[in-house]
């Protein structure tokens with residue numbers, strides 16, 4: 001990006017402020033994970049600021065993972081005290097989740113930004129389709145899987161979530177629900193999964209981007225410290241406002257509208273990959 005001007009710095013801060021407000025309100029209003037909002041918004045904010053296209057998605061993903069750390073810790077603690085975290089399932093999935101996170105970090109360190117963008121966009125299309133459904137995901141089985149299949153699921157959730165820059169909830173809740181886990185247990189356990197993914201994931205993206213050229217100011221590897229400082233507190237502050245809005249309106253149509261927005265955003269990202 002070179003030497004940043006005062007105007008560019010102001011634009012960056014404004015974009016980060018709007019990202020934090022939007023992510024917080026939508027998280028409270030629709031119950032969506034912040035990462036699914038933060039990553040595409042940051043991707044386009046970085047594009048508007050003419051940050052190197054090779055770095056945009058890596059920065060968006062790494063910054064999102066860092067932002068998720070405090071919120072996932074707080075959420076996991078609340079769910080644990082409420083008794084909705086399945087600690088047995090977490091012990092079983094933990095090693096596979098961590099292995100998936102490591103795999104996701106290593107892949108992210110070597111693949112192009114276009115590849116990371118494609119991964120996010122394709123998975124975001126699937127998330128949008130699931131959100132637009134009037135019911136939850138179709139049930140695959142009424143009996144939760146065990147053994148190698150369970151570990152494979154953990155590795156998949158860990159690796160893909162890391163490469164997308166999202167916490168565990170976006171993928172793990174619908175997957176666990178489809179596999180026969182009670183929804184309240186799925187949500188509570190997903191909060192803890194978010195911590196397992198975000199903490200090593202954020203550290204990994206700092207490592208992966210260490211010494212990279214053309215990083216924007218105040219970056220630590222592929223984590224924008226400015227983005228972390230601005231967005232993280234705003235998501236926490238604005239989420240309760242979204243919750244209050246949700247209590248006064250029917251969010252079904254809003255959720256579907258967000259699903260359409262996410263679907264179109266994902267298609268736009270795919271278009272940028274194919275025509276970049």
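Here is how the numbers come out for the structure above:
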read-out	value
Matching option when the condition is surrounded by fewer than 19 Cβ atoms within 10 Å (Cβ to Cβ), modelled with pLDDT of 80 or more and either under 17 Å from the mean Cα position of the chain (by Cα) or part of a helix (DSSP H, G or I) (or both), among 264, 234	264
Contacts under 9 angstrom Cβ, first residue in segment 211-227 being on the phi > 0 side of the Ramachandran plot and surrounded by 15 or more Cβ atoms within 10 Å (Cβ to Cβ), partner assigned to a loop (DSSP other than H, G, I, E, B) and at pLDDT 90 or above, 6 or more apart	221/209; 221/210
Residue in segment 42-54 that is over 18 Å from residue 18 (Cα atoms) and assigned to a helix (DSSP H, G or I) present	yes
Filtered residue count, segment 163-210, keeping only those that are within 16 Å of the chain's Cα centre (by Cα) and without any contact (Cβ under 8 Å) to a residue 12 or more places away in the chain	1
Answer from 4, 51, 36 - the residue that is modelled with pLDDT under 90, in contact with a helix residue (DSSP H, G or I) (Cβ under 8 Å, 6 or more places away or on another chain) and farther than 21 Å from residue 213 by Cβ	36
Counted residues, segment 65-103 - those being under 19 Å from residue 176 (Cβ atoms) and either touching a strand residue (DSSP E or B) at 6+ places or on another chain (Cβ under 8 Å) or in a helix (DSSP H, G or I) (or both)	23
Qualifying positions in segment 237-252 - farther than 16 Å from residue 23 by Cβ and assigned to a helix (DSSP H, G or I)	244, 247, 248, 252
Tabulated pairs, segment 88-111, first within 20 Å of residue 149 (Cβ to Cβ), second not in a helix (DSSP H, G or I), C-beta under 9 angstrom, 6+ apart or interchain	89/144; 89/181; 92/146; 97/168
Sole residue being within 29 Å of residue 129 (Cα to Cα), in contact with a strand residue (DSSP E or B) (Cβ under 9 Å, 6 or more places away or on another chain) and surrounded by 22 or more Cβ atoms within 10 Å (Cβ to Cβ), chosen from 202, 192	202
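Condition check ((1) surrounded by fewer than 15 Cβ atoms within 10 Å (Cβ to Cβ); (2) under 14 Å from residue 173 (Cβ atoms); (3) touching a helix residue (DSSP H, G or I) at 6+ places or on another chain (Cβ under 6 Å); (4) at pLDDT 90 or above) across all residues:
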site: 85; (1), (2), (3), (4): no, yes, yes, no
site: 88; (1), (2), (3), (4): yes, no, no, no
site: 91; (1), (2), (3), (4): yes, no, no, no
site: 101; (1), (2), (3), (4): no, no, yes, yes
site: 104; (1), (2), (3), (4): no, no, yes, yes
site: 110; (1), (2), (3), (4): yes, no, no, yes
site: 118; (1), (2), (3), (4): no, no, yes, yes
site: 131; (1), (2), (3), (4): no, yes, yes, no
site: 134; (1), (2), (3), (4): yes, no, no, no
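The values are calculated or read from the model by the stated rules, or taken from the named source; none is laboratory data. This one's a predicted model, so the numbers in the text were calculated from it and none came from an experiment. Heads up, the Cβs are rebuilt from the backbone with ideal geometry, glycines too, and the neighbour counts pull from every protein chain shown.
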